[in-house]
Amino acid sequence: MLTSTLMIIQFFFSVIIGLYFMNLLKSQQGNKSALEKESRKELEKLRKLQDIRLSEPLSEKTRPTTVKEIIGQEQGIKALRAALCGPNPQHVIIYGPPGIGKTAAARVILEEAKKMSLSPFKKDAKFVEVDATTLRFDERGIADPLIGSVHDPIYQGAGAYGVAGIPQPKQGAVTKAHGGILFIDEIGELHPVQMNKLLKVLEDRKVFLESAYYSSEDSNIPAHIHEIFQKGLPADFRLVGATTRTKDEIPAAIRSRCIEIYFRPLLPEEICTIARNAAAKGGFSLEEGADKLIAKYAQNGRDAVNIIQIAGGISQTEHRNNITRKDIEWVVEFGQYNPRIDKKITQGEQVGCVNGLAVFGNCNGLVIDIEASAIKVESGQGTLKITGIIEEEEMAGKGHKMKRTSSARSSIENVLTVLRKFFDIDSRDYDIHLNFPGGVPIDGPSAGIAAAVAIFSAVKNVPVSSDLAMTGELSIRGKVRPVGGVIAKVQAAKTAGIKKVVIPRENWQELFEDAGIEVIPVEEISQVIDIVLKHKTVHFDEMFLNKKHVNVLSASGGI
């Protein structure tokens, strides 16, 4: 009797357990069916979204796919090819204004490198592009899209590994770029923490991740995760960083590991070429002179394409395919485009007016006016007025700040010493006004010899030809010292229509022989004065006997 009772109880519990598991199985199957049904709905929505496509933007149609399609960066492309296409490619930082082809150049150069037998880049080498301005990361190490992170089991969505208490390493962009190029746009915007991590990866060529949930003695952790934590994730890539900042704003630690390449601003004729190409790819024709009008206002290739895009939209809404100058003018007006800073010299000679050369930004050359007026006064009563320069500089030191006279102001004081010592021109005998017009304060010593010539011209009433420009620092011994950005300055002078450029001899390079402009190297201020006075009817000795001082200030243009 007892046995049969036990059997009945056992059967009863067996039925209950069986019903429980049966209901559990049905529930799982129901959930799976519901998930599959929901997934099919979402997949159908996704397919519908994928089928909706707008027309391809003109900016995508005009994006360069070959080196030949990149306009105006021959020197930059040559340097980039030398850095990346050899058997030992280097890390690179590309400086330059926006919209001139930095990203496109890096892409096409990688494709070139992959075709070269000596290159370590394989055919499947990746080009991984990230933007430093949007690279968010968690300071707790939960997520880092650049370097990589660990998905620890306590976080939602850890999956089967998380249930088992296993940390899961997640790859970042440095590992995804393994064997290829990691392109970081606006690299100067990287957070200092990310920058330091990136430097470590560049040194090790690996990413080492950490987790409080990892134990090398845990046999439940899969072998591949053990290997990742113990040996690191591979990250052997070449970094190409692009920035619109100047080199002084980029950390020295990253600069020291990279080849620095400068992409220059586009010239007006190059903007014209980009505008014509964009119009052709957009199916538009340009009225004669419309491309030059675009080049007057477009600061880069992206601006030119955008102007064509909007002007083309105007023409199409009016049922025509030609873009007129009137269309361009309307786009310039509503878009509030400012004209390019492109000075063109006026032919002739002027007293007290000299063409100087300067650089701004990332080696952007510029022709500047330097004007001087000198009025004879009683001996020792003269004054000096300088306008258009930075008078004082503030320097941040270690925990303190220092102020000093600006290098531009110091350069002018050197000029006065040299004029008195070598040419018997005492500034105390004149009311001298030296002006740098244009609205942008000038700093730096490179205007030294130009300022000296301007004051000499004003005092001696000697006109200076407008087809001459000069740059160089002047020491109190009358020596012409080297300055920076000379190549960009020479190019700016050539663009402005200047025929001769005077530079310090120490800045001379053989490439100036084919620059399309006469470049004259000098060592001393006396050589500069001789060049200015060349072909003058008044002899040098007679000038020192001339007591009449007349000034003509009629400089045009500006910076």
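Here are a few things to note about the model shown:
- Of all residues in region 122-142, those being hydrophobic (A, V, I, L, M, F, W, C) and over 18 Å from ILE184 (Cβ atoms) number 1.
- Any hit, region 110-132, residues being loosely packed, with under 15 Cβ neighbours inside 10 Å and closer than 25 Å to VAL193 by Cβ: yes
- For region 277-304, the set of residues classified as under 15 Å from THR324 (Cα atoms) and touching a residue at least 60 places away in the same chain (Cβ under 8 Å) consists of ALA278, GLY282, listed by residue number.
- Restricting attention to region 256-281 and to residues that are under 21 Å from LYS494 (Cα atoms) and surrounded by fewer than 20 Cβ atoms within 10 Å (Cβ to Cβ), the residue that is modelled with the lowest pLDDT turns out to be LEU267.
- Residue in region 461-474 that is modelled with the lowest pLDDT, counting only those that are of a type in the set (Gly, Ala, Ser) and part of a loop (DSSP other than H, G, I, E, B): SER466
- Odd one out for GLY484, checked against (1) part of a helix (DSSP H, G or I); (2) surrounded by fewer than 21 Cβ atoms within 10 Å (Cβ to Cβ): (1)
- Take the conditions (1) at pLDDT below 90; (2) under 21 Å from GLY232 (Cβ atoms); (3) not small (Gly, Ala, Ser); VAL207 misses just one of them, which is (1).
- Scan region 349-374 for residues that are farther than 26 Å from LYS385 by Cα and either aromatic (Phe, Trp, Tyr) or not assigned by TED's automatic domain parsing to the domain that holds LYS385 (or both) and the total you get is 0.
- In the set ARG428, ARG477, only one residue is over 23 Å from THR495 (Cα atoms), of a type outside the set (A, V, I, L, M) and in a helix (DSSP H, G or I); that residue is ARG428.
- PRO234 touching a His at 6+ places or on another chain (Cβ under 6 Å) and in the same structural domain as LEU84 (by TED's automatic domain parsing): yes
- Check on GLY352, in contact (Cβ under 8 Å) with a residue 40 or more places away in the chain, crowded, with 20+ Cβ neighbours inside 10 Å, at negative phi and not aromatic (Phe, Trp, Tyr): no
- When the criteria are applied in full, VAL332 meets the requirement of being among the aliphatic types (A, V, I, L, M), farther than 30 Å from SER427 by Cβ and either modelled with pLDDT of 85 or more or surrounded by fewer than 19 Cβ atoms within 10 Å (Cβ to Cβ) (or both).
- Set side by side, the residues LEU146, LEU198, LEU202, LEU182 differ, and just one is at pLDDT 90 or above, buried (at least 16 other Cβ atoms within 10 Å of the Cβ) and touching a His at 6+ places or on another chain (Cβ under 9 Å), which is LEU202.
- Boolean, VAL332 is under 25 Å from GLY72 (Cα atoms), touching a helix residue (DSSP H, G or I) at 6+ places or on another chain (Cβ under 8 Å) and in a helix (DSSP H, G or I): yes
- Residue in region 435-452 that is assigned to a helix (DSSP H, G or I) and among the hydroxyl-bearing types (Ser, Thr, Tyr) present: no
- Scanning region 487-522 for residues that are touching a strand residue (DSSP E or B) at 6+ places or on another chain (Cβ under 6 Å), more than 23 Å from ASP342 (Cβ to Cβ) and assigned to a loop (DSSP other than H, G, I, E, B) turns up just one, TRP508.
- Residues of region 171-193 that are in contact with a helix residue (DSSP H, G or I) (Cβ under 8 Å, 6 or more places away or on another chain) and either basic (Lys, Arg) or within 22 Å of LYS247 (Cα to Cα) (or both): ILE181, LEU182, PHE183, ILE184, ASP185, GLU186, ILE187, GLY188, GLU189, LEU190.
- Selection from region 251-278 of residues that are closer than 17 Å to GLY485 by Cβ and of a type outside the set (Lys, Arg): GLU260, ILE261, TYR262, PHE263, PRO265, LEU267
- Test: residue in region 446-458 that is within 26 Å of ALA374 (Cβ to Cβ) and at pLDDT below 90: yes
The values are calculated or read from the model by the stated rules, or taken from the named source; none is laboratory data. Just so it is clear, the structure is predicted and the values come from calculations on it, not from any experiment. Counting neighbours? That spans all protein chains shown, and the Cβs are built from the backbone with ideal geometry, glycine included.
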